[in-house]
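Student: Sharing a structure, written as structure tokens. Questions coming.
The values are calculated or read from the model by the stated rules, or taken from the named source; none is laboratory data. Worth saying up front: this structure is predicted, and the values here are computed from it rather than measured. FYI the Cβ positions are ideal-geometry reconstructions off the backbone, even for glycines, and counts take in every protein chain you see. Quick note on the areas: whole protein, heavy atoms, side chains included, nothing else; ligands and nucleic acids left out. Shrake-Rupley method; radii C 1.70, N 1.55, O 1.52, S 1.80 Å.
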Amino acid sequence: HLRDTVVPGYQASLDQLAFDLSSQVNALHQSGFDANGNGGSAFFAPLGAATDAAASISVSAAVDADTQLVAASGSGAIGDNATARAIANLRDGRIINGGTSTPTDAWGLIAYRVGSDMSSAKSTSALHSDVVAQLERLRDQTSGVSMDEEAANLMRFQRSYEANARYFTTI
């Protein structure tokens, strides 16, 4: 269940977050202007689909090779950082999961699900351990030796021996 259902669910959510965020950053970056006054290009290497996006996301080779290609300006004017501010403001925008979540909300939900599932798994494990311990105690009671019962039998045999000893002493 964990390997086939739960972990792939986490991966799919993380992939969707990476895909949506990289797409939005690329769209804004391409609308801006770089340090040379030219139109921006994709900041992240374009991803074809959300599948494996979290593992595949990377800065585009062109931007990685030349930081002058970072399109921070909204107008091409020196000192204008409108595009950079717009990219920074994506953290508060509902751009994830079809416009229903902010990146922070989406990440928080993933982290919550992992923590909640982990807590549930620990509780279930503890419960199963308790059940196993209880079953072992029941088995031991059924097949084991009761010290109280053995002590009672020993006392009874001792009294019988003493009675026999008195009988033979008397005879």
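Student: I need the full set of residues from the stretch 149-171 which are open to solvent by less than 100 Å² (accessible area, probe 1.4 Å) and of a type outside the set (A, V, I, L, M, F, W, C), in order please.
Tutor: 150, 153, 158, 160, 162, 164
Student: Next question, about the same structure. Which number in (1) farther than 30 Å from residue 115 by Cβ; (2) of a type in the set (S, T, N, Q); (3) not in a loop (DSSP other than H, G, I, E, B) marks the one condition that residue 75 misses?
Tutor: (3)
Student: Between residues in the stretch 26-40 that are among the aliphatic types (A, V, I, L, M) and residues that are open to solvent by 50 Å² or more (accessible area, probe 1.4 Å) and outside any loop (DSSP other than H, G, I, E, B), which pairs lie under 7 Å by C-beta distance while being six or more apart or on different chains?
Tutor: Correct list of pairs: 35/68.
Student: Sticking with this structure for a sec: For residue 99, state whether it is open to solvent by less than 50 Å² (accessible area, probe 1.4 Å), free of Cβ contacts under 8 Å to residues at least 12 places away in the same chain and of a type in the set (Gly, Ala, Ser).
Tutor: Yes; evaluated as a whole, the condition is true for this residue.
Student: Taking residue 127, is it under 29 Å from residue 3 (Cα atoms) and either surrounded by 10 or more Cβ atoms within 10 Å (Cβ to Cβ) or of a type outside the set (Gly, Ala, Ser) (or both)?
Tutor: yes
Student: Something else about it: Residues that are open to solvent by 40 Å² or more (accessible area, probe 1.4 Å), under 30 Å from residue 115 (Cα atoms), of a type in the set (Ser, Thr, Tyr) and not in a helix (DSSP H, G or I): does the stretch 23-45 have at least one?
Tutor: no
Student: From 106, 84, 55, which residue is open to solvent by 40 Å² or more (accessible area, probe 1.4 Å), closer than 30 Å to residue 2 by Cα and either not in a helix (DSSP H, G or I) or not acidic (Asp, Glu) (or both)?
Tutor: 55
Student: Okay, next question. Can you name the residue in the stretch 1-22 that is open to solvent by less than 40 Å² (accessible area, probe 1.4 Å) and closer than 19 Å to residue 90 by Cβ and, of all such residues, is farthest from the chain's Cα centre (by Cα)?
Tutor: 22
Student: Then there is this: Which is open to solvent by less than 70 Å² (accessible area, probe 1.4 Å) and over 28 Å from residue 11 (Cβ atoms), of 116, 146?
Tutor: The conditions single out 146.
Student: Quick one: residue 100 ticks every box in (1) hydroxyl-bearing (Ser, Thr, Tyr); (2) within 30 Å of residue 40 (Cα to Cα); (3) at pLDDT 90 or above except a single one, so which number is it?
Tutor: Exception for residue 100: condition (3).
Student: Checking residue 94 against (1) open to solvent by 60 Å² or more (accessible area, probe 1.4 Å); (2) in a helix (DSSP H, G or I); (3) free of Cβ contacts under 8 Å to residues at least 24 places away in the same chain, which single condition isn't satisfied?
Tutor: (2) is the only condition that residue 94 fails.
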